[in-house]
1. What are the pairs with Cβ atoms under 6 angstrom where one residue, in segment 70-90, is in contact (Cβ under 8 Å) with a residue 12 or more places away in the chain and the other, located anywhere, is among the hydroxyl-bearing types (Ser, Thr, Tyr) and surrounded by fewer than 21 Cβ atoms within 10 Å (Cβ to Cβ)? Sequence gap at least six, or different chains.
2. Any residue at all in segment 16-29 that is of a type in the set (A, V, I, L, M) and over 25 Å from residue 74 (Cα atoms)?
3. Restricting to segment 43-59, name every residue that is under 20 Å from residue 77 (Cβ atoms), surrounded by fewer than 18 Cβ atoms within 10 Å (Cβ to Cβ) and not small (Gly, Ala, Ser).
4. For the condition of a type in the set (A, V, I, L, M), in a helix (DSSP H, G or I) and surrounded by 14 or more Cβ atoms within 10 Å (Cβ to Cβ), what is the one hit in 92, 62, 76?
5. Looking at residue 17, is it touching a His at 6+ places or on another chain (Cβ under 8 Å) and touching a residue at least 12 places away in the same chain (Cβ under 8 Å)?
6. If I filter segment 103-118 down to residues being crowded, with 20+ Cβ neighbours inside 10 Å and without any contact (Cβ under 8 Å) to a residue 40 or more places away in the chain, which single residue comes out as farthest from the chain's Cα centre (by Cα)?
7. Within segment 104-113, can one find any residue that is at pLDDT 95 or above and within 18 Å of residue 15 (Cα to Cα)?
8. For segment 34-61, what are the residues that are touching a strand residue (DSSP E or B) at 6+ places or on another chain (Cβ under 6 Å) and either aromatic (Phe, Trp, Tyr) or touching a residue at least 40 places away in the same chain (Cβ under 8 Å) (or both)?
Amino acid sequence: MNAPPHVGSGTGGEKLGFAAGHVVQEFGYDFDVDDDLRFSIEDTTGSELVDEDYGDVADAALIWWRDDDGDLVDTLVDALTNLDDGGFIVLLTPKAGRLGEIDMADVEEAASTAGLHTSGTVNAAPEWSATRIVAPKSRR
């Protein structure tokens, strides 16, 4: 099932573009993630998030990313490995002024280097912003 073309409104999971039946592969899980947002995504999709080691096709990738997490380009490319045609990435980063925040210019540059582009940022949770990242239509 493909995601809607843009970030919408609704519950946390729906607002980020997730829908019933989506398989969502999660990257960057750590102690600081927003569990309420994670549960909302699971409620929206009807299944638990799968981890970084998942070896099948995913409809979307959820990446928790902080400034000191390493190379964002590598993680975006890793997230593409199992992503189905029409799939998308939701990149969660700490909001401005929070520990681990990253500059949106760095997100844009990493997405571009990975052959992707950003298509909107929303307030996802009290401490996190979400940026939707997609492949150009001509990618596949």
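1. 73/113
2. Pass one, segment 16-29, residues of a type in the set (A, V, I, L, M): 16, 19-20, 23-24.
If we keep only those that are over 25 Å from residue 74 (Cα atoms) as well, we get 19-20.
Yes, that holds for at least one residue.
3. Selection gives 50, 51, 52, 53, 54, 56, 57.
4. Numbers: 92 fails: in a helix (DSSP H, G or I); 62 fails: in a helix (DSSP H, G or I).
From the options 92, 62, 76, the qualifying one is 76.
5. Working: touching a His at 6+ places or on another chain (Cβ under 8 Å): yes; touching a residue at least 12 places away in the same chain (Cβ under 8 Å): yes.
Spelling it out, residue 17 is indeed touching a His at 6+ places or on another chain (Cβ under 8 Å) and touching a residue at least 12 places away in the same chain (Cβ under 8 Å).
6. The residue in question is 110.
7. No.
8. Hits for segment 34-61 are 34, 37, 54, 59, 60.
The values are calculated or read from the model by the stated rules, or taken from the named source; none is laboratory data. Keep in mind the model is a prediction, meaning the values are calculated, not measured. Positions of Cβ are backbone-derived with ideal geometry, glycine not excepted, and every protein chain shown enters the neighbour counts.
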